[in-house]
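Reviewing the structure listed below.
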Amino acid sequence: MDLDVVAACPASYLQMAAGRYRVATSPLPWADAQADCVDDAAGKTHLVVVDDNEELQGLAALIGDDVWLGYTDRSTEGTFRWVNGATSSFTAWAQNEPDDGGAAQDCVQQKRAPTKWYDTSCTDALAYVCECDGVPPDPSTY
């Protein structure tokens, strides 16, 4: 991670090997959680983007509950994208996921145990993880 980005991250963000994070334990719907993350440092923060298994396992050690990730297919059904506009070759879907549960599950949560991803309704209220990586969110993807 760029040292200038680290310096610009809010003090409330915990430095870990894979990046800087803030765990929010007060449950919110997905869109509100994303807005809360963006408010921390405009253009530098958003819901967490999980790039690889190392980051996935680091987050699993950090969280104490199921959490929102910055991964959604709200913009285009069936095409999941990260809140920064990136696509991903890395995923950690649970068996038979994503299942879209009646076309109403467009946001992704990471379960604490087992450490797997599930699509769920964006209006559910969950804890969430914000990431400060200096990559601005791309609202067109969500």
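The values are calculated or read from the model by the stated rules, or taken from the named source; none is laboratory data. All values derive from a computational prediction rather than experimental measurement. Note: ideal-geometry Cβ built from the backbone for every residue, glycine included; neighbour counts use all protein chains shown. The accessibility values were calculated without ligands, DNA or RNA, using every heavy atom of the protein model including side chains. Shrake-Rupley method; radii C 1.70, N 1.55, O 1.52, S 1.80 Å.
In region 1-86, counting only strands (runs of 3 or more DSSP E) that sit wholly within it, the ones holding 3 or more residues that are in contact with a helix residue (DSSP H, G or I) (Cβ under 7 Å, 6 or more places away or on another chain) and open to solvent by 10 Å² or more (accessible area, probe 1.4 Å) span 19-28. For region 120-140, the set of residues classified as under 13 Å from the mean Cα position of the chain (by Cα) and either of a type outside the set (A, V, I, L, M, F, W, C) or closer than 19 Å to TRP93 by Cβ (or both) consists of CYS122, LEU126, TYR128, VAL129, GLU131, ASP133, PRO137, listed by residue number. Checking ALA127, ALA103 one by one, the residue that is farther than 19 Å from GLY19 by Cβ and of a type outside the set (Lys, Arg) is ALA103 and no other. Taking the conditions (1) over 24 Å from ASP39 (Cβ atoms); (2) open to solvent by 40 Å² or more (accessible area, probe 1.4 Å); (3) of a type in the set (A, V, I, L, M) in turn, ALA125 satisfies each one other than (1).
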